[in-house]
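Structure record follows, encoded as structure tokens.
The values are calculated or read from the model by the stated rules, or taken from the named source; none is laboratory data. Only a predicted model underlies this, so the values are computations on that prediction, with no experimental measurement involved. Because the Cβ atoms are built from the backbone with ideal geometry, glycine has one as well, and the counts that use them run over all protein chains shown.
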Amino acid sequence: MLIELRVANFRSLRDEQALSLVADKDATLVESHTLEAAGGVGRLVRSAVLYGANASGKSNLVFALATLRELVLRGGQLSAEQFAEFHTPFALNAATAQAPTEIELTLLLGGVRHQYGLAFDRHRIVGEWLYVYETSRPQRWFMRRHDATSGQEVWEPFSTHLKGPRDTWRRATAPRATFLATAAQLNSEQLLPLKAWFETGLHIVGAGGAPDVAPTLLRLSEPAFKTEVLGLLREADIHVADIQVQMRKEHVVQLAAAPGLPGAQVSVGVADVPHATFLHRARDGTLVAFDERFESLGTQRLIAFAGPLLQSISRRSLLVIDEFDASLHPMLVRQLLALLHDPLQARPGAQLLMTTHDTSLMDPALLRRDQIWFAEKGEDQASELVPLTDFSPRRHESFERSYLLGRYGALPRRPRPVLQVAA
């Protein structure tokens, strides 16, 4: 489970910003919206919602998490030019424009707290560290940094708690590769769960574009999964009796792309592409087929979200969605949140982090105060993350009304009146 995400010098996130999923002492909705965590962490919230004006920095937090995942899993496979594209520091300051980016996650894996971080510039990884809390005191399993003066890689002594041929793993770690992925690939049983979290414990939807419906369509051949998706549509009052999927060979453009970064065309070829036919039941009971072109964008977007959401619930993973409310009715978004918060349906460990503009979700009956966050960009164009709890709202305060009145900030600035010039 995600405990905390810290980001510094990434796009508009100039100064270190932290988003925490540690629950406060409020007893509101504690049984449904929070989980007791091991490792002395306390309770963690099941979800967090990030608000802010357009270009306030909300999506940059999602992109930072996606960037960390890409560098952990594939950094060593990137060319120098590809790696450089991932370094997108705060460019409106001479000092930060050339400085490294730092991204750090604190996770709960197997009941043990792991604090993993990465620092990188356009050329290489300049820092990587992992602290493990098997007790209340942290164990520094490994730490590396690049000494710019000598041009050498400096490694702190490995912890005796990290077993295996550590020096072999160290020598095998390339400048653009992570030690975490290198050691896990070379059979470090202790580091494999952390690497696996980036592979299967984290799912990001909508970063840099519309969500892809294909992953959900490809899983509809699984009867149990299909039943869950159709049930979710029915609960949303979308009357689809069945979905049939056909694979068609089509010319496709394959892009070498990372979330939040422009893609580069690398090949044009032929591939199997899933297409859906939606079956609706007429009054006389007959099924009528509709081509996917005639289904609403909202229905298709819900199906695109359904796969990752159900997967997150079943696998107890973290689902991150950028602009969750786009093309979805507010009541439907509330229903999906309620599904995640239902202790009878959502398995312990499933979490959701989303950005949205839907202020109707600021409902004390739907979200706790410690689940609501704001992103606001200052006059210097740097973004700041602020939790609602910093404003000490009253227990029964209307969060939505207070937000729209500007009490919490994170609103678009009012446009200046346009002067009327007489002819």
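Values for this structure:
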| read-out | value |
| --- | --- |
| Positions within the stretch 122-179 being touching a residue at least 60 places away in the same chain (Cβ under 8 Å) and over 24 Å from Asn9 (Cβ atoms), in sequence order | Tyr133, Ser136 |
| Test: residue in the stretch 297-315 that is buried (at least 22 other Cβ atoms within 10 Å of the Cβ), among the β-branched types (Val, Ile, Thr) and in a helix (DSSP H, G or I) | yes |
| Every residue from the stretch 1-43 that is without any contact (Cβ under 8 Å) to a residue 60 or more places away in the chain and in contact with a Ser or Thr (Cβ under 7 Å, 6 or more places away or on another chain) | Arg43 |
| Criterion (more than 18 Å from Leu192 (Cα to Cα) and either surrounded by fewer than 20 Cβ atoms within 10 Å (Cβ to Cβ) or touching a Phe, Trp or Tyr at 6+ places or on another chain (Cβ under 8 Å) (or both)) met by exactly one of Glu31, Glu70 | Glu31 |
| Residue pairs meeting the criteria (Cβ under 9 Å; at least 6 apart or on separate chains; first surrounded by 22 or more Cβ atoms within 10 Å (Cβ to Cβ) and small (Gly, Ala, Ser), in the stretch 341-352; second modelled with pLDDT of 70 or more and assigned to a loop (DSSP other than H, G, I, E, B)) | Ala346/Arg46; Ala346/Arg316; Ala350/Met1; Ala350/Arg46; Ala350/Arg316; Ala350/Ser317 |
| Subset of the stretch 144-195 (residues that are assigned to a helix (DSSP H, G or I) and over 19 Å from Arg74 (Cα atoms)) | Arg166, Asp167, Thr168 |
| Which numbered condition Val320 fails, given (1) assigned to a loop (DSSP other than H, G, I, E, B); (2) modelled with pLDDT of 90 or more | (1) |
| First in the stretch 400-412 and among the hydroxyl-bearing types (Ser, Thr, Tyr), second anywhere and modelled with pLDDT of 85 or more and assigned to a loop (DSSP other than H, G, I, E, B), Cβ under 7 Å, 6 or more apart | Ser402/Pro393; Ser402/Tyr408; Tyr403/Met362 |
| Strands (runs of 3 or more DSSP E) wholly inside the stretch 1-91 that include at least 3 residues being farther than 18 Å from Gln115 by Cα | 34-37, 47-51 |
| Residues of the stretch 152-211 classified as at pLDDT 95 or above, closer than 30 Å to Thr355 by Cα and polar (S, T, N, Q), total | 1 |
| Candidates Ala148, Ala236, Ala241, Ala174 - the one that is surrounded by fewer than 16 Cβ atoms within 10 Å (Cβ to Cβ), among the small types (Gly, Ala, Ser) and within 26 Å of His275 (Cα to Cα) | Ala241 |
| Residues of the stretch 121-143 that turn out to be surrounded by fewer than 16 Cβ atoms within 10 Å (Cβ to Cβ) and part of a loop (DSSP other than H, G, I, E, B), as a count | 6 |
| Single residue of Val333, Val386 found to be modelled with pLDDT of 85 or more, hydrophobic (A, V, I, L, M, F, W, C) and not in a loop (DSSP other than H, G, I, E, B) | Val386 |
